[in-house]
Every structure is written in C-alpha cells, then in structure tokens.
Amino acid sequence: MSSTGSLNQYIQYVERMYRTSQGHQLARLLSLRDEHVANRNLRSSDIATLVEGNCLAPLDEIIISHLLCVKALCMKDFMEAFEYQSACVACVVRLLQAQKESNWCLPLMYTVCLDLRLIAYRAEACAQTNGKILEKAAESLLACFRVCAADNRTTEADTKRLGMLTLVNQLLKVYFKINKLHLCKPLIRAIDSSTVKKEFPLAQQITYKYFVGRKAMFDSDYRTADEFLSFSFVRCHRRSIKNKRLILTYLVPVKMLLGFMPTKHLLQKYELMQFWDLVLAVKNGDLRGIDQVMEKYESFFISAGIYLIVEKLKIYAYRNLFRKVYVAENNHQIDIASFQAALQLMGHDDVDADETQCIVANLIYDGKIKGYISYQHKKVVVSKQNAFPSLSSLY
Amino acid sequence: MSSYFDFFCKNIENEDSQNSDRITGTCNSMCPEDEVKLREQERLIHVLEVWGSEKKLVKGYSRSAADSNMAVPHLLRPYPVLTYTVQYLLMDITRRVDVPASVVYDYVNDRLRAVRQDATIQRLPPEQCACLLEPMIRFYVYYGYKLSNLPLKDYDPVLNKKYLLECMKWYLSCSDSLATMRGNIDHLTGFLSSIDLNGKDKKNKIVNDRVLIENLYILCNLDDLHPLFRYVKLSKDIKRHPKLQLAYEIAIANLHGNYVRVCRLADKLCPLSYCALFTYLPTLQRRALAVMSHAYSNKRLTVPADALAHWLRYREPHDARAACEHYGLKVQGADVRFEKTDFKSDVTLNIPNPQDIREKFDLSIIDIFTYTTPK
C-alpha cells in the first residue's frame, strides 16, 4: 500500500487482507514499524468516529487503537502509546479467541506483541517506574499466550500452539529485563511439554535456547547452559554478528568453567577481548591478574551477570599454578610450603599453610590433582602418571 | 514459597489505584476483644500469656479461609500496636525461663505470623513493614542457631528457614522500593536512630539495621548464589560496608570450598552473623570431612584431631573425633585416619550442641535483638 492513501483506503485495504486471510499483510498494516505510520492522513483528529461503523466488527477496534497509538507515538507520548497498544493487543486476543481452528492470524499477534514490548521499553525509560510498565506488558503477552496454549484440539497444521514459542521469547525478554527470572519456569515447562516442539521456527528456537541457557547458568547448571547456548551459537545465522556476540558473552565463561579455553582468534572476531586477559590469567595461575581483570571489567561482568562465574574460575588458576610448581620441582613429592610460596607470590599474601592444604585438598577432591596430602610430612604426594589431568577431561 | 510476599508485591503494584480503600485497624490492644472472649471461654490461653494473676493475650495466627472475612477493622491492629506487640514478644516473652526455649519459639513464631498477617491485610507502607520485619529476622536467626540440635518434634529447621526467607525477601523488597522512592533508607534510619540516641529509653527499642539484614541474607543462604548476585548489584556505598564485605568474602571462600578460610573469617563476625554462620557450620564440616577423606586418604597416615578442631571450629578435639566417627572415619587415639571409602555420606548431619551466644559475646537477649551496626 502506498503511504499516501486516505483513511478510507487504508480501512478497505485492512479489511480485504482480513477477509482473504492474509496474515502477513495484515500484520504489516497494523505494525508500528511499517511505512504507513508516516502517512498523515491516518492521523485524523477524530479517528474513533471515522472508523466506527465503517468497518467489520472485530477489526474496527483494532484499527482504532492502532491509529491512536500511532498518533501518540508521533506526539512522543510513550505512556499513552503504551495504553493504546495494550488495548490493541487485548482486541487481537479476542479476535484470536473467536477464530476457531485456524492460525493464519498469528503473524498479526506476533507484530502487535513485539510492538507492545518495544513501546513498553520506551515508556519505561521515560517514566522510570521500576519495571511496572514492563510487568503490565508481560500480563498482556500472557493473555495471548493463554489463548495459544489452550488451543489443543485443532490439527497440528492449524493450531495456534505454534505461536507459543514466539510469545514465550517475548516474555523471557521482558522477565530478563526486569530481573524476575523465577517467572520463567512455568513458561519453560510449557514449551518443554509441548507436542509441537519440533515445529517451531528455527530462529525462535535459537532465541529460546539462548534465554534458557542463560537461566541455567544463573542457576549454576553449567552443563545444561553449555548445551543450550552451544545450540544457539552453532545454529545462529553467520551474519548475525551481534547476536553471536551476545551468545558468546555467556557461552565463553560457561565453557571456561567446563575446562575449555577460547582461542584468541574467536575473541577478537567477536570483540570479546575482555575475556582474553582472563584466559591468560587463568592459564598462568595468576591470581592477582584475575583480581585485576575483575576490577577492570567489573561493570561488564556484573551487568552480564557473570561476575561470580569469573570468581569461580580462580579454582582453575589454583590448579594451573600448582601444576607449574610441580613441573618446576620435577618431583612427585612437593612441600606444602612451595605451594604456599607460589600462592603468596601470586597475590594471596595472607594465605597460611593450613589454607594451602585446604586448597590442595579441594583440588584432589574434585579430581583436578591425583594424589594425597601427608599431614605429618607437610607434603603433597602426586601420582606418577597424569598427576594433573586436563581440565576438559573432567566433565 | 512465600505467599505473603507475593501478596505484598501485588499490593505495591495496585497501590496507586487503590490507595483510598486501604483498611486501617482499630484494635488498640495486642489481642482483639472477640478473640480474648473466645479464648477465655474455650480455655485456649497459652502458658506464656499468663503472668502471675494477670493475663496478657496476643492475637494468634489463623489461616485465611474462604468463609471468614479477616479484613475487619476491629480485628486488625494498627502499626503502633503492631510495633508494640513485636517488641513485647521479643523483649518480654523471650526472657521467660519457666518454659523450654522451643515452646517460647513456637509461641512467638505464631504471634509474629499474626503480626505479618495484619501488616499484609492493612497494606502497610514499606518503611513500616521494614521496621516490623527487621526484629523478626533477628528472632529467626537467633533461635535457628539456639535450637539447632533439638529433635524434629520440638523444632523444624526447614520451617524456620521458610519463615526467615519470607521475612528477609519481604524486608529486602521493602528496602529496594524505599531506595527507589526517596534515595537511600539508610539516610532515613540513620536520622531516626540519631534522634533515638538522645531519647532516654533508647534501650529496649526495636531498630532497623539494613546492613545487618543484607549481611544475614548472604550468611543464611551460603548454599545459594542468588544472594551474591544481589550483593554484586548493590549500590557502592552499601557494598563497601566492611560488614557486608566480610560476609561476601566468607561466601566466596565457601564457594571455593575453602573451609579453613571460612572458619578463620568467622571469628570476626557480629553475634547474629555468627548465629547464621554457625547454623550452617555442621553442613560445612560435613563437606570438609568428605573433602579431607579424599585428600588425606592413606592407610598409614593420620591427621591429629587437634588440627581438625582448629580448622573446622569444633569446640574440643573430642567433638572433632566424635564427628569423624559419626561419618564412619576411623579414630586412633588422638588422631583421625582418613580413607575415602570409609566416609559415609548418607548419615544424618552431625550437629554439635550450640554455644550460648549470650555468654560468648557477653550480651543479654535484649542486646541481641537491638544492637546495631556501627556506621
């Protein structure tokens, strides 16, 4: 449609798309990111009376709230725009409910929901309500989700359940933004138990696994996190550099915890060189270096939520440091005092013999060192073969 | 997990629209008239409510049911009465020595739940909720340690943890909303407590110490990373507080399994933090012994029980030996022989008798409920 059409032409066009069940075209016409938004004819002062009665029953409400939202956006009133878009989503929910046994309207639902979330971000940024607006947006999205999830009698090709994953992704984005991760669990369960799991579009699956992977990381379930984030990273389109970088922000530390260090080339390619300093410090057993990296990139690590994972990587630094001592001493009996001296040299000034023993004990318990401690002789006796198994072999 | 908490959050959400129809209690005693009559009639007066010839009843907790309307003003106590009630429960009831501590705990816990219920129904503003919850958290932490070795029929640590977490999360969410509402709560409480200093009866008054609660939130949940996620995101001025930094250091040492460091740092803790950590200590000791049974595993070598007692803060070498035997390790005279196959991970937790905090820190129970963190 040309952007110069009149309001009546626009209404007729929307109606035609609706009657001929062209979901994507309809979605485009009710999108806030389409060129018709710039059309001044659609911003009449009295939209409601002009549209009302001029249009098919469920559509009129949708068009009215859509155009009012456009108007509010032009005035830069994001709060009002948010209210109208919420109303628009509510109308679409009713429309979906009324349409039994068909799902051609799903693209329209995706579009209005995405627009709602984007406006909610803007409104939140302006009003600073501590997440209240985003929570309201999540409620609207949940209403859509319920309609989709409840549609379980329709055949697989026509079921609205296919729309679930897109909505779940929108919701996950909101919940991560307002830091309410506990709300994700029922959504994840709904997708996991869904019968149409394999049918969801790949792009949506990638987004979904990215968030579920992050959630697993947050819950300290690193193997699951690795599985999901790896899926996302491998399947993500090669040109989506920004998304791949985002995935790597979490995948790199998770992989490091599992004993796999990234290459410099990879980190350079995705501009994640913050991790390179960390990799070097961990490899060298440089405890002071880790502290320096943590201080230097504190805000990056905290905002990404990986600060504590970096803290956990110190255990690997201990292992690497002790391995160096072992190689230097070239003996399978090593004094605790040597380890202690190494720790002190690397910045743990206040460490004593007892604590050194404790650190070694934990490494032996985790299988990172093969051997035993002799309390009487103040020595660590390590295995003559493979005393320090490679980290990646442990998982 | 915490139904009050969710309810409370919803209340905040609806605050703007429903400010006008908030219920305010009109009951000006600790127990509503109706309940006094009923309980006197049915002979339901608790032994702790009898003070000689006098009777002092406190409203008991009752579950909200579909057929009962709890939102009745004359059954609800307004904020000042609730404050007085909390104070009475913590300062007066806990001093009773004629009944076992577990009975005192059960009674006070029940009455505190009723206080929380009243606060919820009346939708008290966050600053008032915080002031009511802070002493409750102290109560759950203190009794959690004091009663830790009692059998399950007398004291249930899981339930205690549930109530403790409920109060803590509620409290922290109050502090957060206060912080966003008007800068920092510490300014407010700091201001109020400086007024209190001049008042003549500053003693025996409940207080609001946010740093202490943030600190307890970390130390009461050492098995959980989420309090640490919260800590790293706190604003710099609170984060830098030495008390919180100490708690964070302990939690990180625990994350690394560094039991020697955890125990060494524990010597610097304030009384309630000490309670929190020492409630966790048996779990820490068990893990440490499991680690050591691998690390010192040898058929000939031993480790002296003295060293174990020193590392893991057993009060006597004898306690360390008893714990080792409990977990299936062999004790030879004053030494323990570790062997990884000996360690029994499926036996119950070995909980030594808790030390009396009042003696250790030379504090009265009132001090424990009212001391504050130096700014």
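The values are calculated or read from the model by the stated rules, or taken from the named source; none is laboratory data. Just so you know, these numbers come straight off a predicted model, no measurement behind them. Cβ coordinates were reconstructed from backbone atoms using ideal geometry, including for glycine residues, and neighbour counts include every protein chain displayed. Calculation scope for accessible area: heavy atoms of the full protein, side chains included, ligands and nucleic acids excluded. Shrake-Rupley method; radii C 1.70, N 1.55, O 1.52, S 1.80 Å.
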Problem - Pairs beyond 26 Å (Cα-Cα), from A:Lys378/B:Lys330; A:Lys160/A:Lys242; A:Lys368/B:Lys233; A:Lys185/B:Lys243 - result: A:Lys160/A:Lys242; A:Lys368/B:Lys233; A:Lys185/B:Lys243
Handout entry: Computed FRET value (nearest 0.05) for B:Leu152 with B:Ala65, which takes r as the C-beta separation and R₀ as 35 Å
Key = 0.80
Handout entry: Distance cut-off 34 Å, percentage of C-alpha pairs in the protein assembly as shown lying past it
Key = 61 percent
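Filter A:Lys215/B:Lys162; A:Lys136/A:Lys180; A:Lys100/A:Lys173 down to the pairs with a C-alpha to C-alpha distance above 18 Å, please.
Details: A:Lys215/B:Lys162 24 Å; A:Lys136/A:Lys180 13 Å; A:Lys100/A:Lys173 29 Å.
Too far apart for the 18 Å limit: A:Lys215/B:Lys162; A:Lys100/A:Lys173.
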Completion exercise
For the protein assembly as shown, the dipole about the Cα centre with charges only on Cβ (Lys and Arg +1, Asp and Glu -1), to the nearest 20 debye, works out at 2140 debye
Fill in the blank from the handout: Here the whole-number average of other chain Cβ atoms within 10 Å per Cβ of B:357-363 is 0
Exercise for the section: Before rounding to the nearest 500, sum -39500 (n - 2.57) across all DSSP H runs of length at least 4 in chain A and divide by the residue total; then give [θ] at 222 nm in deg cm²/dmol. Expected result: -20500 deg cm²/dmol
Completion exercise
Taking a crude spin-label model, label points 7 Å out from Cα along the C-beta direction, the B:Arg43 to A:Ser299 distance in nm is 7.1 nm
Exercise for the section: Sticking with the crude label model, points 7 Å out along Cα→Cβ, report the distance from B:Val36 to A:Asn331 in nm, one decimal please. Expected result: 8.2 nm
Problem - FRET E, pair A:Ala48, A:His237, Förster distance 45 Å, beta-carbon r, rounded to 0.05 - result: 0.60
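Grab the beta carbon distance between A:Thr129 and A:Thr263, set R0 = 60 Å, and tell me the FRET efficiency rounded to 0.05.
0.85
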Problem - chain A: relative contact order in percent, alpha carbon pairs under 8 Å with at least 6 residues between - result: 8 percent
Fill in the blank from the handout: Taking every other residue with Cβ under 10 Å from the Cβ of B:Glu134 and scoring Lys and Arg +1, Asp and Glu -1, one gets +1
Completion exercise
Residue-ordered couplings for segment B:316-329, obtained by feeding phi - 60° into the Karplus form 6.51 cos²θ - 1.76 cosθ + 1.60 and rounding to whole Hz (Gly and Pro as x), are 10, x, 4, 4, 5, 5, 4, 4, 4, 5, 4, 8, x, 7
Exercise for the section: Take chain A, connect every pair of alpha-carbon atoms lying under 10 Å apart with a spring to form a Gaussian network, then pick out the residue of A:Tyr18, A:Tyr365, A:Tyr326 with the largest mean-square fluctuation. Expected result: A:Tyr365
Handout entry: Among B:Leu124, B:Leu89, B:Leu363, residue whose mean-square fluctuation peaks in a GNM of chain B (springs only between Cα atoms under 10 Å)
Key = B:Leu363
Handout entry: Proximal charge balance of A:Gln170 [Cβ under 12 Å; K/R count +1, D/E count -1]
Key = +2
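Using a probe of 1.4 angstrom, how much of the accessible area of chain B is carbon and sulfur, in percent?
Answer for chain B: carbon and sulfur cover 53 percent of the accessible area.
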Exercise for the section: Pick out, from B:Ser345, B:Ala323, B:Ala305, the residue whose Cα sits farthest towards the positive end of the charge dipole of segment B:280-357, with +1 on the Cβ of Lys and Arg and -1 on the Cβ of Asp and Glu. Expected result: B:Ser345
Fill in the blank from the handout: In debye to the nearest 20, the charge dipole size for segment B:30-99, taken about the Cα centre with +1 at each Lys and Arg Cβ and -1 at each Asp and Glu Cβ, equals 160 debye
Problem - In order through segment B:45-62: 3J(HN,Hα) via Karplus (6.51 cos²θ - 1.76 cosθ + 1.60), integer Hz, x for Gly, Pro - result: 8, 6, 4, 6, 9, 9, 10, x, 7, 8, 10, 10, 8, 10, 4, x, 7, 9
Exercise for the section: Might you tell me the accessible area per residue for segment A:284-395, computed with a 1.4 Å probe and given in Å²? Expected result: 43 Å²
Completion exercise
In segment A:344-371, accessible area falls by at least 40 Å² from chain alone to full assembly (1.4 Å probe) for A:Asp350, A:Asp354, A:Glu355, A:Cys358, A:Ala361, A:Asn362, A:Tyr365
Fill in the blank from the handout: Given all pairs of distinct Cα atoms, segment A:201-312 yields a Kirkwood Rh in Å of 14.2 Å
Practice task
Compute the Rg to Rh ratio over segment A:260-330 from the alpha carbon atoms, using the Kirkwood formula for Rh, and round to two decimal places.
Solution key: 1.02
Problem - Acute angle (nearest 10 degrees) that the helix A:57-74 long axis makes with the longest principal axis of chain A, alpha-carbon atoms - result: 60 degrees
Handout entry: Alpha-carbon centroids, segment B:25-53 and segment A:365-382: separation in whole Å
Key = 64 Å
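Can you give the calculated 222 nm mean residue ellipticity of chain B, where each DSSP H run of n ≥ 4 adds -39,500 (n - 2.57) and the sum is split over every residue, rounded to the nearest 500 deg cm²/dmol? Please report the intermediate quantities before stating the final value.
Details: 17 runs with 217 residues, N = 375.
Dividing the helical sum by the residues of chain B leaves -18500 deg cm²/dmol.
With a sphere of radius 15 Å drawn around the Cβ of B:Ser297, what net charge do the other residues whose Cβ falls strictly inside it have (Lys, Arg +1; Asp, Glu -1)? If you can, show how the numbers build up before the last one.
Numbers: positive: A:Lys370, A:Lys379, B:Lys299, B:Arg300, B:Lys330, B:Arg337, B:Lys340, B:Lys344; negative: A:Asp366, B:Asp335, B:Glu339, B:Asp342.
Here the count lands on +4.
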Fill in the blank from the handout: Packing-ranked peptide list from B:342-349, A:171-178, B:136-143, A:244-251, highest mean Cβ count within 10 angstrom first, is B:136-143, A:244-251, A:171-178, B:342-349
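In the P(r) worked out for chain B, what percent of Cα pairs fall beyond 36 Å?
The answer is 30 percent, as a whole percent.
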Exercise for the section: Select from B:Ile45, B:Ile206, B:Ile250 the residue whose mean-square fluctuation is largest in a Gaussian network model of chain B (Cα-Cα springs shorter than 10 Å). Expected result: B:Ile45
Problem - Whole-angstrom gap from segment A:185-255 to segment B:202-237, using each part's C-alpha centre - result: 33 Å
Handout entry: Two-site label geometry, B:Gln245 and B:Leu159: point separation in nm, points 7 Å out along Cα→Cβ
Key = 4.2 nm
Problem - Loop trypsin sites (Lys or Arg not before Pro), segment B:202-298 (other Cβ atoms within 10 Å of the site Cβ: 14 or fewer; DSSP) - result: B:Lys202, B:Lys203, B:Arg240, B:Lys268
Problem - aspartates and glutamates whose Cα lies under 20 Å from that of B:Lys205, excluding same-chain neighbours fewer than 8 positions away - result: B:Asp92, B:Glu127, B:Glu134, B:Asp186, B:Asp196, B:Asp362, B:Asp367
